[in-house]
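For reference, the structure discussed in these notes is given below.
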Amino acid sequence: MSKSTKQLTMMALLMAMTIALSTFSIPVPGGHLYFVDFIICLTAFLLPPKYAAFVAGGGSFLGDVFFNPPSMFVTLLVHGFQAYAISSLVGTDKDNIPKWRAIGALLVGGVIMVVGYSLGRAYFYSTPAYALMKLPFECIQALFGIILSFIVYYSTPIAGEFRKHLR
């Protein structure tokens, strides 16, 4: 298999995982707490910025097309920008991301997600009151994605296997 075929296959797998994790959630007051942020952050660690944005934004968008259409365009922009920012901040050497840089990039990505969804909810597909009610859950969701992606990237062989096939 050629390098570009492997890369395309791995990107498709990451996008499929993004779509799939868009469906898993825990019910909370006023909505659901989704697990998709974990794979978005992990994708940003593995791919260059524009590919990470395409996979995370596109996969999240498709997940919302199927399961939550009102927020699909906000999702496309927020998760695409989140992945782009994280990937840009961790740098081009994806094999040796210093932990301090990863934490900083993940925190920036978490802020982008929380602010983006809060603004989207307040002004595009819901109300400011609903956005304020969901704010604590958005923060928990961002924190969950940050912690889980950090653990998976640094403590399991999964990220190493992806990187091996993405080269």
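Starting from the stretch 1-12, keep only residues that are under 13 Å from F162 (Cα atoms), then list their pairs with residues that are in a helix (DSSP H, G or I) and at pLDDT 85 or above whose Cβ atoms are within a distance under 7 Å, requiring at least 6 positions of separation or different chains. Close Cβ pairs satisfying both conditions: M11/Y51; M11/V55. Can you find a residue that is in a helix (DSSP H, G or I), at pLDDT 90 or above and in contact with an Asp or Glu (Cβ under 7 Å, 6 or more places away or on another chain) anywhere in the stretch 65-84? Within the stretch 65-84, one or more residues are in a helix (DSSP H, G or I), at pLDDT 90 or above and in contact with an Asp or Glu (Cβ under 7 Å, 6 or more places away or on another chain).
Restricting the stretch 14-33 to residues that are modelled with pLDDT of 85 or more and more than 9 Å from the chain's Cα centre (by Cα) leaves a set whose member that is surrounded by the most Cβ atoms within 10 Å (Cβ to Cβ) is S22. Of all the residues in the stretch 117-140, those that are under 16 Å from L33 (Cα atoms) and either in contact (Cβ under 8 Å) with a residue 40 or more places away in the chain or under 21 Å from the mean Cα position of the chain (by Cα) (or both) number 13.
For (1) of a type in the set (A, V, I, L, M); (2) farther than 27 Å from K164 by Cα; (3) in a helix (DSSP H, G or I); (4) in contact with a helix residue (DSSP H, G or I) (Cβ under 9 Å, 6 or more places away or on another chain), each residue gets a yes or a no:
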| site | (1), (2), (3), (4) |
| --- | --- |
| D93 | no, no, no, no |
| N96 | no, no, no, no |
| W100 | no, no, yes, no |
| V111 | yes, yes, yes, yes |
| R121 | no, yes, yes, yes |
| A129 | yes, yes, yes, yes |
| L135 | yes, yes, yes, yes |
| S149 | no, no, yes, yes |
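The combined condition, being touching a residue at least 40 places away in the same chain (Cβ under 8 Å) and either of a type in the set (K, R) or part of a loop (DSSP other than H, G, I, E, B) (or both), is not fulfilled by K50. The residues of the stretch 94-128 that are of a type outside the set (V, I, T), crowded, with 16+ Cβ neighbours inside 10 Å and modelled with pLDDT of 90 or more, listed by number, are A102, A105, L106, G109, G110, M113, G116, Y117, S118, G120.
The values are calculated or read from the model by the stated rules, or taken from the named source; none is laboratory data. Bear in mind the structure is a predicted one, so any value in this text is a computation, not a measurement. Reconstructed Cβ throughout: ideal geometry from the backbone, glycine too, with neighbour counts over all protein chains shown.
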